[in-house]
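Encoded as structure tokens, the structure appears first; notes follow it.
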């Protein structure tokens with residue numbers, strides 16, 4: 001059985017903050033973030049309303065996805081935006097592309 005895991009980067013409507021996560025169901029996870037962003041201030045996503053998908057990568061093995069997530073989280077903002085722009089040079093919100 002083949003699995004797919006995703007490392008993804010979210011932002012808010014003004015592209016001021018970045019959130020990096022891992023999931024095995026990108027569409028479901030984005031939906032969950034959208035629901036959380038509607039008012040819960042207890043989470044990072046809710047506090048900063050990070051519900052807009054800017055970037056994702058897919059992996060066959062969860063260990064590789066987790067390692068990549070940790071790598072990205074350790075980068076400075078400029079480097080994160082550079083990798084985002086390799087896939088999404090206009091920084092468009094990609095939520096509708098994965099539903």
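None of the figures in this text is laboratory data; all of them are computed from the coordinates on show. Quick caveat, the model's predicted, so the values are computed rather than measured. As a convention, Cβ positions derive from the backbone with ideal geometry for all residues, glycine included, and neighbour counts pool all protein chains shown.
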### Query
Between rounded, prolate and oblate, where does the stretch 18-78 land on the alpha carbon gyration tensor, with a ≥ b ≥ c its root eigenvalues, rounded for a/c under 1.5, else prolate if a/b exceeds b/c?
oblate
### Task
With a Förster radius of 30 Å, plug the Cβ-Cβ distance of residue 98 and residue 76 into 1/(1 + (r/R0)^6) and report the FRET value to the nearest 0.05.
0.65
### Task
Grab the DSSP H runs of the chain that are 4 residues or longer, score each as -39,500 (n - 2.57), total them, divide by all residues and round the 222 nm result to the nearest 500 deg cm²/dmol.
-11500 deg cm²/dmol
### Additional length obtainable on full extension of the chain from residue 64 to residue 86, 0.36 nm per residue less Cα span
5.9 nm
### Task
Work out, step by step, the length gained on full extension between residue 15 and residue 3: first 0.36 nm times the residue separation, then minus their alpha carbon distance; give nm to one decimal.
1.3 nm
## Note on the structure
Relative contact order as a percentage, the stretch 35-99, C-alpha pairs under 8 Å and 6+ apart, gives 31 percent
### Task
With a cut-off of 16 Å, note down the residues of the stretch 52-86 whose backbone N falls inside the zone around a label point 7 Å from the Cα of residue 28 toward its beta carbon.
62
